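Since the structure comes first, as C-alpha cells, the remarks are kept for the end.
Laboratory data are not the source of any read-out in this text; all were calculated from the coordinates shown. Everything numeric here is computed off the predicted structure, so don't read it as measured data. Virtual Cβ from ideal backbone geometry, glycine too; neighbours counted across all protein chains shown.
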C-alpha cells in the first residue's frame, strides 16, 4: 500500500459506521435493521441498463444491492486499471444510492462468481501459483490494486454520505485455504484505506469453513441454499444472522441441464431465515450475462465451462423479465418497509422474430494466417507467456514424421484443432483424446503386402494447432491454471521444436485481405469454407432486446456490431444468446460468427429465450 493512497482517503475523520451488530442483531444508525439484499453485477449488465435493473431490485422490496468488483475486469493489463464506461463502478454505486438502495460491496482479490479466474488477473496467476495467500508476490499485486480501487470506494461509504454500508474482506475463503495472515492483511489494508463501514466474511455452513474463513474484526456471514439451521448453530453469539448468498437458482455448465429453483422452494428458506431474525442477500437477484469471454469454469474431475448466460433462474431475468419469485419476495419483504414499495417497472421490450443468412467469409486457417506471427520459441508457450488473456492461440512448427507416427499433446488446456499442411486432421481435448495419427507414407514407399521396405520415408509438413481456452477455472485448487500447450507436443516419442505463435484478437474479426471483397458484398456462400468466419446482416427498425439463435453452429464466438456477446455451443443447454437493446442500431446490424467446427446457415432473432431443458437445483 502506498502512503499517498492512504493519505488521500477520508479515514482520519474517524466517522461512525452505518451498520453495527450487537446481541445477535443488526443495527443501522442505532436502529434495528434487516438487510434485504440481492446480487446485481454491473459487469454482467450493459451500463445503459444499470438503472433499470436497480429499480427492479428496489421494486422487489430490497433495501440493499450487493456486487463484486472483479479485479481482472478492471486491470486486464498490469498497471493499467480502467474505471470508464462499462467499468465505472463508482457510477453504478451512485445510481444505487439514487434509487434508494444501500450497497454491500465485495471487492475481494478473489470473487469466484463463475467469473474467469475468479476475478484474479491472468497475468498474476501466470506469475505465482500461491494465489489467495500471504505470498509476497501475490500481496504486492493486491496492494497495488487496492491502492487504485479503494480510494474510489472510500468516499462512497455511508459514513461520508454515500450508499456503501458493508464491505467483504474475502469470499468463501474457508473452502479454499487457511492463511490467517492473508486475511488479516486484507482486513488491515481495507481499514488503512479508509474503509470504515462494517467488514464481513462469507463462508459455507460447516465449522471448518467458518473457522478458516473468518478473521477478527469482520462479522461472519453465510452462503447456502437451505442451511438456515446450520447457520444459526454456527453463528457467533454476538453476530447478526446474515446469509450473504442465498442461492435462489444456480448457474449452468455447457452440456448440462438449465438449473432452476421453484418459488416455493426458495420462499421456504427465505421465510425460515426471516423468522430467525436474519438478513438475506439473494444470489442472484438479477443474473445478467457472461459477455465476451468472461465466463469461468469449474473442475471436478474434468473441466466444466460455464455458459454465456448467467440468468441463474433469478427473480429478475436476464433481460429484466420478472417471474414468480420476484412477486413472492416482494410480498415477503414488504412488511419490513415503513411505506409502500416502489412501483413495478414495465416489462422489457423485445424485437420481433427475424432471420438472416450467414455468409462465409474465410476458413479458420485463413483467419489464423491473417494474424501476424508473434513470438518464436523452442517449445510452445502458454497463453500467459504470450500475454493472451483468453480466446485462441495458433501454434505452428515444421515437423518431420515417419509413417504411422502419432501426434500427442500431453497437457492441453483446453481444446485444439490440428492441421497439417492446411489439411484438418482432427480435434484434441483436455479431458478427451490427446493423440491423433499423422498421415501415412505414400503407397510407393510400401511393399505389396503392406510391410515397410526399409527405405527412409520420413515426411515433413507444417503443423498448425489452434488452441482454445474454454474458460479459466474460478473455484477450488485448480484456480489460476495456465492455458495453452503446457508440456510440449510429441511426434512419436520425440518433442517437436521450433514454434511460432499467433494470438487471435478478441476484437471483431476482419476478413483476410484476399477475402475482403467477398465480405463487403456478402457473396454467395463458399462451399469450401466449413469452419471459420461468417457474417449476417439484420435490418432493424426499432432497436430493442433480442434473443439470437444460430442453427447449425457448433462451437462459435458471436459479435454484434463489434461487441463480443459470448460463446455459443451446440451441446447446450443454452440455445439463444441475449443481445441487449443498447447494442443494436436503427438500420443495418452486422453479426460476425467465428466457429472452429461448423458454420451454421443463418442467424435468427427469437421472441423468447431458450436456455434448454430444466433441472430443479437448490444447492446445500
### Residue list for the stretch 463-496, given a label point 7 angstrom along the Cα-to-Cβ vector of residue 140 and an amide N cut-off under 16 Å
none
### Task
Along Cα→Cβ, 7 Å out, is where each label goes; now give me the distance between the ones at residue 423 and residue 238 in nm to one decimal.
7.6 nm
### Message
Output the 0 to 90 degree angle, nearest 10, between the alpha-carbon long axis of helix 263-275 and the longest principal axis computed from the alpha carbons of the chain.
### Response
40 degrees
### Query
Which distance in Å, rounded to a whole number, links the C-alpha centroids of the stretch 108-129 and the stretch 548-620?
26 Å
### Task
Measure nothing but the geometry: give the 0 to 90° angle between the long axis through the Cα atoms of 180-192 and the longest principal axis through the Cα atoms of the chain, rounded to 10°.
60 degrees
### Message
Report the Cα centroid-to-centroid distance between the stretch 146-219 and the stretch 313-337 in angstrom, as an integer.
### Response
28 Å
### Query
When 69, 571, 417 are ordered from fewest to most other Cβ atoms inside 10 Å of their Cβ, what list results?
571, 417, 69
### Query
Can you list, bin by bin at 5 Å, the percent of alpha carbon pairs in the stretch 134-244, starting at 0?
2, 12, 21, 21, 19, 13, 9, 2, 0
### Query
What fraction of the Cα pairs in the stretch 3-336, stated in percent, has a spacing above 24 angstrom?
52 percent
### Task
Report the relative contact order of the stretch 3-336, percent, no decimals, based on alpha-carbon pairs under 8 angstrom and at least 6 residues apart.
21 percent
### Query
So for the chain, what are the equivalent ellipsoid semi-axes in whole Å, largest first, each being the square root of 5 times an eigenvalue of the Cα gyration tensor?
47, 28, 22
### Query
What's the exposure ranking of 128, 201, 408, going from fewest to most Cβ atoms within 10 Å?
128, 408, 201
## Note on the structure
Cβ density ranking, 10 Å radius, fewest first, applied to 418, 603, 503 yields 503, 418, 603
### Task
Return the calculated 222 nm mean residue ellipticity for the chain, to the nearest 500 deg cm²/dmol, obtained by summing -39500 (n - 2.57) across DSSP H runs with n ≥ 4 and dividing by the residue count.
-5000 deg cm²/dmol
### Message
Relative contact order for the stretch 6-101: what percent, with Cα pairs under 8 Å and sequence separation of 6 or more?
### Response
25 percent
### Task
Mind ranking 575-582, 463-470, 94-101 by how tightly packed they are, going by the mean number of other C-beta atoms within 10 angstrom, highest first?
463-470, 575-582, 94-101
### Query
Under a plain spin-label model, where a point goes 7 Å from the Cα along Cα-to-Cβ, how far apart in nm are residue 180 and residue 544?
5.9 nm
### Query
Assuming R0 = 51 Å, what is the FRET efficiency of residue 207 and residue 398, from their Cβ-Cβ distance, to the nearest 0.05?
0.30
## Note on the structure
The simple spin-label model distance between residue 353 and residue 31, using points 7 Å out along Cα→Cβ, in nm, is 5.3 nm
### Percent RCO, i.e. relative contact order, over the chain, from Cα pairs under 8 Å lying at least 6 residues apart
16 percent
### Query
Relative to the longest principal axis of the chain, what angle (0 to 90°, nearest 10) does the C-alpha long axis of helix 136-153 take?
60 degrees
